[in-house]
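Before any comments, here is the structure.
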Amino acid sequence: MNFDDIGNAMFGGVAQYGEILALVSNSVWAGAILGLVGGLIGLFVMQRDMAFAVHGISELSFAGAAAALLIGVDVVAGSLVGSLLAAAIIGWLGARARDRNSIIGVLMPFGLGLGILFLSLYNGRAAGRFSLLTGQIVSVQSAQLGWLAGICGLVLVGLLLIWRPLRFDSLDPQAAAARGVPVVGVSFAFMLLLGLVVAVAVHIIGALLVMALVVTPAAAALRVATGPVAVPVLAAVFGISAAVGGILLAIMGTLPVSPYITTISFVIYLVCRAVGARRERVTRLSRR
């Protein structure tokens, strides 16, 4: 093969990649939006020690989506009902961490069991059932993108409205209550916003992989930053990088998109953890 043949092959590969990328542009936008909102809300998930709650909500969201698939209604609507129901139960009954963890521990197997039951009764395409667990981000339609953008926009507005009291309550709940912050209302509102994010995330990346975009980016950002601006910005950047990067890599191969997203998110966390550990060692040595 001469240089002309190599050049033509490379140009053809680039052109083919560009054509595929144009076909999945909705997926890229969906990944970017979900990564942005997931990173921002994930910051408060980490500060409030509620990573377990994300998984609990996703299980009931999965059950709602599976029920919708079974009866032939919109899957997004079913996912929203399941997520908001789980978020409301956790927010209303789980005011204390011990109560919250026990409630989530009860909800998770219940939601997963219901979801598996509904899927076993569903006689449609197997791909439709599998996508509820691992997502279908490479086949996002314009209507689905509109749903996702609208819900995520609502979540962003809600977060901005309660940002300061939510941050205060997340960092020091006792002091926030003493200063008159309506901690119960703020916590309940946050749980509902989290339920909305998990619902759209389950529909796009699947019930099993929600934490890769809602928890891991924020956990990575908290390892390398501390400021009130730097941490949310980094969490959003990490979430977008994992989601969009996973899509861009997936369309070049034959593997599903989910392993790429989770791997990128995990690698980002490992790098941030190493950087944070090195910074701590340097700080300790400088104090000696």
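Each value in this text was obtained by applying a stated rule to the coordinates, not by laboratory testing. In this text, all values refer to a predicted model and were calculated from it rather than measured experimentally. Positions of Cβ are generated from backbone atoms using ideal geometry, with glycine treated the same way; all protein chains shown enter the neighbour counts.
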Extension gain (nm, one decimal) between Gln47 and Arg284, 0.36 nm per residue minus Cα-Cα: 82.9 nm
Burial ordering of Ile71, Ile151, fewest other beta-carbon atoms within 10 Å first: Ile71, Ile151
Choice from Ala87, Ala77, Ala230 showing the highest fluctuation, given a GNM over the chain with Cα pairs closer than 10 Å: Ala230
Inter-label distance for Val275 and Ile116, nm, one decimal - labels placed 7 Å from Cα along Cα-to-Cβ: 4.0
Where N is the number of residues in the chain, Cα Rg divided by 2.2 N^0.38 Å: 1.08
Most mobile listed residue (Ser142, Ser79, Ser265) in the chain, GNM with C-alpha springs under 10 Å: Ser142
Taking His203, His55 and counting other C-beta atoms within 10 Å, the order from fewest to most: His55, His203
The chain, helix-only ellipticity at 222 nm - DSSP H runs n ≥ 4, -39,500 (n - 2.57), divided by all residues, nearest 500: -28500 deg cm²/dmol
Positive minus negative residues near Gln47 (Lys, Arg vs Asp, Glu; Cβ under 15 Å): +2
Dipole magnitude (debye, nearest 20) for the chain, charges at Cβ of Lys, Arg, Asp, Glu: 1280
Per-residue Cβ neighbour rank within 10 angstrom, fewest leading, Ser102, Ser241: Ser102, Ser241
